[in-house]
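Everything below concerns the one structure shown next.
The values are calculated or read from the model by the stated rules, or taken from the named source; none is laboratory data. Computed from a predicted structure; not experimentally measured. Virtual Cβ from ideal backbone geometry, glycine too; neighbours counted across all protein chains shown.
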Amino acid sequence: MSEKDNAHRCKLNEDVSGLDLEELDSFLERNAGEMITEARPFAAYMRRKLREKGLLQQDVFLAADLSEGFGYKLIAEEKRTRQRDVILRLCLAAQYRAEEVQEALLRYGMAPLWWRFPRDAVLMAAFGSGVYDLEKVNALLQQHGQPPLLKGYE
């Protein structure tokens, strides 16, 4: 997420938390284009991004070291995980830029990466530098005293 996008989102969060309830309809109308309204926001986002990048889901699952069955169910939101590392593995395998990773995590209902956590800072640097190989990312994490990305369980 660029600094400009982040500042815009922070501003909107401040705007909505400071609203009088009479202004809520107007706020929702003004910002309708930025609202997430899909029934399965993560599924819609992942499928759209993979299509834009010309990637096949099975190739992403293979690169993320996830079984196809588990991967398909995650992307379809038929199965849920509480392990953020599983979503991060998918994002790595799909070669997401830093802002795409943040959007995917938010749409899945997980906390975005935050620079104040050393492990997240290493991951942000990896995504920002275009390091998408799982082994290289795990080596980078370990080099900086952080645990590697967990595989996740089906």
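Testing ASP5 on (1) surrounded by fewer than 11 Cβ atoms within 10 Å (Cβ to Cβ); (2) modelled with pLDDT under 85; (3) part of a helix (DSSP H, G or I), one condition comes back false. Which one is that?
Answer for ASP5: the failing condition is (1).
How about region 51-88: which of its residues are at pLDDT below 95, under 16 Å from the mean Cα position of the chain (by Cα) and of a type in the set (D, E, K, R)?
GLU77, ARG80, ARG82
Restricting the search to region 63-77, which residues are within 17 Å of ALA104 (Cα to Cα), among the hydrophobic types (A, V, I, L, M, F, W, C) and part of a loop (DSSP other than H, G, I, E, B)?
Step one: of region 63-77, the residues within 17 Å of ALA104 (Cα to Cα) are 64, 71-77.
Then drop every residue that is not among the hydrophobic types (A, V, I, L, M, F, W, C), which leaves 64, 74-76.
Answer for region 63-77, where residues must be within 17 Å of ALA104 (Cα to Cα), among the hydrophobic types (A, V, I, L, M, F, W, C) and part of a loop (DSSP other than H, G, I, E, B): ALA64, ALA76.
Can you name every residue in region 53-83 that is touching a Phe, Trp or Tyr at 6+ places or on another chain (Cβ under 9 Å), free of Cβ contacts under 8 Å to residues at least 60 places away in the same chain and surrounded by 15 or more Cβ atoms within 10 Å (Cβ to Cβ)?
Answer for region 53-83, where residues must be touching a Phe, Trp or Tyr at 6+ places or on another chain (Cβ under 9 Å), free of Cβ contacts under 8 Å to residues at least 60 places away in the same chain and surrounded by 15 or more Cβ atoms within 10 Å (Cβ to Cβ): GLN57, PHE61, GLY71, TYR72, LEU74, ILE75, GLU77.
Among the numbered criteria (1) farther than 30 Å from THR37 by Cβ; (2) in contact with a Lys or Arg (Cβ under 6 Å, 6 or more places away or on another chain); (3) without any contact (Cβ under 8 Å) to a residue 24 or more places away in the chain, which one does GLN143 miss?
In the conditions (1) farther than 30 Å from THR37 by Cβ; (2) in contact with a Lys or Arg (Cβ under 6 Å, 6 or more places away or on another chain); (3) without any contact (Cβ under 8 Å) to a residue 24 or more places away in the chain, GLN143 misses (2) alone.
What are the residue pairs meeting all of these: first residue in region 103-127, first residue closer than 14 Å to ALA43 by Cβ and assigned by TED's automatic domain parsing to the domain that holds CYS91, second residue among the β-branched types (Val, Ile, Thr) and part of a helix (DSSP H, G or I), Cβ atoms under 8 Å, and 6 or more apart or on different chains?
From residues that are closer than 14 Å to ALA43 by Cβ and assigned by TED's automatic domain parsing to the domain that holds CYS91, the pairs are ALA104/ILE87; TYR108/ILE87.
Which fully enclosed helices (runs of 4 or more DSSP H) of region 81-154 have 2 or more residues being out of contact with any Gly (no Cβ under 7 Å at 6 or more places or on another chain) and among the polar types (S, T, N, Q)?
On the way: elements: 84-93, 98-108, 118-129, 134-143.
It comes to 134-143.
How many residues does region 27-50 hold that are part of a helix (DSSP H, G or I) and under 16 Å from the mean Cα position of the chain (by Cα)? Reasoning before the result, please.
Step one: filter region 27-50 for residues part of a helix (DSSP H, G or I), giving 27-30, 32-34, 41-50.
Okay, now just the ones that are also under 16 Å from the mean Cα position of the chain (by Cα), so 41-50.
The total comes to 10.
Which of the residues spanning region 123-150 are of a type in the set (A, V, I, L, M, F, W, C) and surrounded by fewer than 18 Cβ atoms within 10 Å (Cβ to Cβ)?
Initial filter on region 123-150 (of a type in the set (A, V, I, L, M, F, W, C)): 123-127, 131, 134, 137, 139-141, 149-150.
Within region 123-150, ALA125, VAL131, ALA139, LEU150 meet the criteria.
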